[in-house]
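The values are calculated or read from the model by the stated rules, or taken from the named source; none is laboratory data. Just so it is clear, the model here is predicted, and its values are computed rather than measured. Positions of Cβ are backbone-derived with ideal geometry, glycine not excepted, and every protein chain shown enters the neighbour counts. The area values use the complete protein model at the heavy-atom level, side chains included, leaving out ligands, DNA and RNA. Shrake-Rupley method; radii C 1.70, N 1.55, O 1.52, S 1.80 Å.
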Amino acid sequence: MANLQSDFLGIKSPNPFWLASAPPTDKEYNVRRAFEAGWGGVVWKTLGSEGPPVVNVNGPRYGAIYGADRRLLGLNNIELITDRDLFTNLEEIKRVKADYPNHAVIVSIMVPCEEEAWKAILPLVEDTGADGIELNFGCPHGMSERGMGAAVGQVPEYIEMVTRWCKQYYSKPVIVKLTPNITDVRKPAAAARRGGADAVSLINTINSITSVNLDTMAPEPSIDGKGTHGGYCGPAVKPIAMSMVSEIARATETSGMPISGIGGITTWRDAAEFMALGCGNVQVCTAAMTYGFKIVQEMISGLSDWMDEKGHTSLDDFVGMAVPNTTDWQYLNLNYVAKARINQDDCIKCGRCYAACEDTSHQAISMSADRVFEVIDGECVACNLCVNVCPVEGCITMEAMPAGSVDPRTGNVVEPEYANWTTHPNNPGAVAAE
Amino acid sequence: MSQNSFTPGVVAHRLPADQYSDQFSDLHPPLNDHEALVAADRCYFCHDAPCITACPTDIDIPLFIRQITTGTPDAAAKTILSQNIMGGMCARVCPTEDLCEQACVREAAEGKPVLIGQLQRYATDHLQDQGVHPFERAEATGKTVAIVGAGPAGLSCAHRLAMMGHVVTVYDARAKSGGLNEYGIATYKTTNGYAQDEVDWLLAIGGITVEHGKSLGADMSIADLSARNDAVFLAMGLGGVNALGLEGAHKDGVLDAVDFISDLRQASDVANLPVGRDVVVIGGGMTAVDAAVQAKLLGALNVTLAYRRGRERMNASVYEQDLAASKGVRIMTHAVPVGLHGNGAVREIEFEYVDDAMTGTGQTVRLQADQVLTAIGQTLQGDDLPRLDGRKIAVDGTGRTSLSGVWAGGDCATGGDDLTVTAVAEGRDAAMDIHTTLMS
């Protein structure tokens, strides 16, 4: 069995699966049970400054988007940082860390953008013996209205400034958690690096309204007839998160910076994909909130089996492996030609590929009177929509045409050489081939 | 009561009194909201869906299921009922396993089709339970149409004609409307008086008068009806039953399965219905299965369904055959009845085994039988009918007969299987052709 032992910034954990800073990690009871269930680490739910704790709404805090069979695909929340007393949290963190020395315990922090505030809380956190801190610069609701959370994460200068304070007043690793509610995630990541951050974690939740109640005409979750945007997470946000992760992994100013991946991770495969894009570990929240702590068992067995199958003996073997293959559109090989292929043995004749292609794409699938669906190579641009809408996995595939064959759509011979847009004759700015 | 399953002869009250309501409750209890949403989520919304093609009334099944999914079951019901005004009954009695659900791509994919029939019932019940009739009549045309038979074909035709603005009179020989929906379907397929409720709901469109106790021949002729109306639609079904053609067929204990089924449906308390200890049903269709299963449900000790060919030739679907087997009915094949024995009342029935070509093997077998139910087909009755094709009224694709101004549909006419849903489709299509003819 592959070794899942994780070393992220020198922080050891038995596996790379951490619970993200969120309701599941709000207290000792949960965290102990999470560790017993098999989670490698936790990021304790965000602590605020000493004093009266924040208050939460006493109505619904979550809203959801569903797929078939009411499978939860997206969740949003309007819960704030911990509403428990700072010192209660600190005592619990200290006890848990002492009892679980081999598990990772990270403390998420959000205090006002003032040096004194950070200077006050950091020694208290240091004293817990926790393995590091994560700066919550991402929370998009409530706290951002008070100049914290995403309000900081949206200003690179603030990120750099606060990170620097943390490195000054705290001795262990500092992880900066980024908000996706910005235009270019590389800017805040670079700011974190300039401030001395040991790593970034992303994404925090996305501004969202999950639904509108058409009886009360209020967004949901609704509190006494009014709603507000919340933070969106769950499987639906995974593609957005992975894109942002890849941008940081690829950018010159941030490449090589350790990343903790967050955003809709639900299965071992999701985790492996984030790690392939450069994440040293991953953090999970919605999947645990949907199914309970037990899901980590599947993540552990799945990742381990896959690593065995691929011959990876440690996580480092595959972390970042997909980064070199993530590129800009202009570098994609325009000489590559594929065609859809429908496996008639697997086809259940639902005709969704036909409807999608005929109504919305390239009219490249034929339908016979007895419901045999076939690809018309002369029209197929290999867009993949048929693959995406087919309910049977693997029934429709994209097959590359061999070099030297003729694409019946264009009449052109498939060239063996790689050629991209930068040298394409249709590109007004093409660089002439030497 | 001292009777039980072991009591010889044909007696009532074989079961404890409190057992009957369970025995004859809904075969498929209605889906609740949660079950309906889970079932509806499995529909793939296929292109040009095979289930629609398989439905004799061409209900847009993917659309109505999507309407259930999106929380609009009444819209789903309208989608169903606009194609099939008896969609509620069809949801209960259609052999969906041979129609829409057999064609469902998830049957091909996983051997488990979307529960189309039960979803259809969910939607139509939702609308009808509110007493809502969603169709309105068009402006009056001044035309009148006479319909013979208030079964599925006749009522379907009547509703469509009334909707188009015509005035319709339906004549039916029996005391209640509904035809086989009321008299000919197993009790556990349509409980709580649904057949009458559906008729009442259907008639709520207005413009339809039903006259009971009026049969063709005895009370009126096609010529009379044609003379008094702008069009006539014949939908009287098959009023006769095929005879067994055996000596002793009049012995006590021998009766037509259709009468047995009808008595069950009309009984105020099924416990009062007598049933044999050893029941033999002759036939291989739905009527035979309905009779055999219900004989068992009434407490018969042994029920044998005897069919002259192999199981694969039975008109009853595999699902129905399995249902019978699961209720304890023994299915005996390749057996042709050759004799009824007994003094006054039947005691034994004798069969000869035949091969697939129906050639006798010379081997015979006798079964103990204190009740024999025959379900070997129904026949068209009446004189002065339009031209027949075989034993049914010959019609073209829109129900036109050889007589000008006379249409026919349902079991009395050629075309399609003898199913409720087919009758509804034929009634509807004839109505559209009648309308076009009268308005041109």
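General observations
- Under 16 Å from a label point set 7 Å out along the Cα-to-Cβ vector of B:ASP48, the amide N atoms of the range A:340-357 belong to A:348-357.
- In degrees, nearest ten, helix A:238-250 long axis to first principal axis of chain A (Cα): 80 degrees
- At most 11 other Cβ within 10 Å, DSSP loop - trypsin sites (Lys or Arg not before Pro), the range A:226-320: A:LYS294
- If you take the Cα centroid of the range B:390-434 and the Cα centroid of the range B:102-143, the two points sit 22 Å apart.
- Cβ neighbours within 10 Å from other chains - mean over A:340-352: 4
- Considering only B:LEU161, B:LEU373, B:LEU27, the Gaussian network model of chain B with Cα springs below 10 Å gives its largest mean-square fluctuation to B:LEU27.
- The range A:1-80, Rg to Rh (Cα coordinates; Rh as Kirkwood inverse mean 1/r): 1.06
- For chain B, a Gaussian network of Cα nodes joined below 10 Å ranks B:SER404, B:SER82, B:SER221 by mean-square fluctuation, and the top entry is B:SER404.
- Spin-label model, B:THR364 to A:LEU332: label points 7 Å out along the Cα-to-beta-carbon direction sit 8.2 nm apart.
- Across peptide A:68-74, the average count of Cβ atoms from other chains found within 10 Å of a residue's Cβ is 3.
- Prolate/oblate/rounded call for the range A:16-167, Cα gyration tensor, a/c under 1.5 rounded: oblate
- Using the Cβ-Cβ distance between B:ASP98 and B:GLN266 with R0 set to 45 Å, the FRET efficiency from 1/(1 + (r/R0)^6) comes to roughly 0.95.
- Taken residue by residue and averaged, Cβ atoms of other chains lying within 10 Å of the Cβ of B:158-167 number 0.
- List A:GLU374, B:GLU139, A:GLU28, ordered by accessible area with a 1.4 Å probe, largest first: B:GLU139, A:GLU374, A:GLU28
- Basic side chains Lys and Arg get +1 at the Cβ, acidic Asp and Glu get -1 at the Cβ, and with that the dipole of the range B:275-426 about its Cα centre reaches some 320 debye.
- Compared with the dominant Cα axis of chain A, that is its longest principal axis, helix A:115-126 is turned about 90°.
- Rounded if a/c under 1.5, otherwise prolate or oblate - the range B:241-374, Cα gyration tensor axes: oblate
- Reachable aspartates and glutamates, given that their alpha-carbon falls under 15 Å from the alpha-carbon of B:LYS251 and they are not under 8 places away in the same chain: B:GLU348, B:GLU350, B:ASP370
- Positive dipole terminus of chain B, leading residue within B:LEU180, B:THR124, B:VAL406 (C-beta point charges): B:LEU180
- Ordered by solvent-accessible area of protein heavy atoms (1.4 Å probe), largest first, the residues B:ASP417, B:ASP259 come out as B:ASP417, B:ASP259.
- For the protein assembly as shown, the Cβ-based charge dipole about the Cα centre amounts to some 820 debye (Lys, Arg positive; Asp, Glu negative; other atoms uncharged).
- Between helix B:116-128 and chain B: long-axis angle, C-alpha atoms, 0 to 90°, nearest 10: 60 degrees
- About the centre of its Cα atoms, the range B:33-128 shows a dipole size close to 120 debye [charges on the beta carbon of Lys, Arg (+1) and Asp, Glu (-1) only; nearest 20 debye].
- The range B:76-193, relative contact order in percent, only Cα pairs under 8 angstrom and at least six apart counted: 24 percent
- Mean residue ellipticity (222 nm) of chain A, computed from DSSP H runs ≥ 4 via -39,500 (n - 2.57), nearest 500: -8500 deg cm²/dmol
- For A:LYS187, the lysines whose Cα comes closer than 25 Å to its Cα, not counting residues fewer than 8 places off in the same chain, are A:LYS167, A:LYS172, A:LYS177, A:LYS238.
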